[in-house]
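The values are calculated or read from the model by the stated rules, or taken from the named source; none is laboratory data. Note that the structure is predicted; figures quoted are calculated from it, not measured. Cβ sites come from the backbone with ideal geometry, for glycine too, and all protein chains shown count toward neighbours.
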Amino acid sequence: MKELVFLKHKQALTTSLIVADYFGKRHDHVIRDIEEQYGDLPEFGEMFRKATYSDSYGRPQKMYLMNRDGFFMLVTGFTGDKAKQFKLAFIKAFNQMEQILSQRQNAEWQEIRSETKRGYKDLSAAVHELYEWAVSHGCKASEKVFYMNFAKLLNKTLGIDAGGRDDLAAWQLYEVEKLQFIARTIIAGLIAGGADYHLPYKNCKSAFESYARLSYINERLSLNSGT
């Protein structure tokens, strides 16, 4: 399911580009509709914020970020049965993101997040040890590549996007810590056993895939996104 709403600046937001794409409208027309409201809305700056994106040629282009209020001011004039369905989809997406925001105030969520941060430090130390061991065995890759490979693997397994771990639901944070523990255990065991330095990543990938199947992670992600 395409992400309609995301978390940024401690708000649930969407963009003019997403709205244009989802409602089947030209982006410049959506920009026009937003900017026509500038003089009529004293709260315009709270509802809409200028931003940029890169087009297919890598050139920066203007778009707008908007919160729930800005979205509703924009789409009020969008009519028809399909538009109604699209509005309901956005409402559901805003509700889901705002629920995640409320979780940040929850003591349990904060405790779990602290645990994952400690676990990440431990995993980083394990990856650093793996890197030094690999270099001693002729590896030419940079340490950054080692960190990025493990981070991308974990994020992909749990459906974590660019928004980062502060935007995750509590159950995802539980699974982050479990996967971090699995990775640390595999790395330490293989280094101790003197295995090929390529094996820790390969074995972690296999272990993550197995764990995801056994824990129904993909199904839980689908339920969370409403697909």
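Tabulated data
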| item | result |
| --- | --- |
| Any chance Y57 is touching a Phe, Trp or Tyr at 6+ places or on another chain (Cβ under 7 Å), assigned by TED's automatic domain parsing to the domain that holds K92 and over 24 Å from A93 (Cα atoms) | no |
| Criterion: out of contact with any His (no Cβ under 8 Å at 6 or more places or on another chain), of a type in the set (A, V, I, L, M) and within 28 Å of H9 (Cα to Cα) - qualifying residue of L190, L154, L199 | L154 |
| Of residues in segment 199-223 being exposed (fewer than 15 other Cβ atoms within 10 Å of the Cβ) and under 21 Å from the mean Cα position of the chain (by Cα), the one modelled with the lowest pLDDT | L223 |
| Unmet criterion (only one of (1) touching a residue at least 12 places away in the same chain (Cβ under 8 Å); (2) surrounded by fewer than 16 Cβ atoms within 10 Å (Cβ to Cβ); (3) more than 23 Å from the chain's Cα centre (by Cα)) for E132 | (1) |
| Helices (runs of 4 or more DSSP H) fully within segment 134-227 counting 1 or more residues that are in contact with an Asp or Glu (Cβ under 8 Å, 6 or more places away or on another chain) and within 24 Å of F94 (Cα to Cα) | 143-158, 170-193, 217-225 |
| Residue list for segment 152-169, restricted to those being surrounded by 15 or more Cβ atoms within 10 Å (Cβ to Cβ) and either within 25 Å of S102 (Cα to Cα) or out of contact with any Leu (no Cβ under 9 Å at 6 or more places or on another chain) (or both) | L154, N155, T157, L158, G159, I160, R165, D167, L168, A169 |
| Enumeration of residues in segment 71-89 that are outside any helix (DSSP H, G or I) and either more than 23 Å from F6 (Cβ to Cβ) or among the acidic types (D, E) (or both) | G77, T79, G80 |
| Cross-chain or 6+ apart pairs with Cβ under 9 Å, segment 99-118 first and surrounded by 14 or more Cβ atoms within 10 Å (Cβ to Cβ) and modelled with pLDDT under 80, then in a helix (DSSP H, G or I) and among the aliphatic types (A, V, I, L, M) | Q103/A170 |
| Residue among V19, V5 that is farther than 24 Å from Q103 by Cβ and modelled with pLDDT of 85 or more | V19 |
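Here's the yes/no breakdown for (1) of a type outside the set (S, T, N, Q); (2) farther than 30 Å from R220 by Cβ:
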site: V5; (1), (2): yes, no
site: Q11; (1), (2): no, no
site: I18; (1), (2): yes, no
site: H27; (1), (2): yes, yes
site: Y38; (1), (2): yes, yes
site: R49; (1), (2): yes, yes
site: S56; (1), (2): no, yes
site: N67; (1), (2): no, no
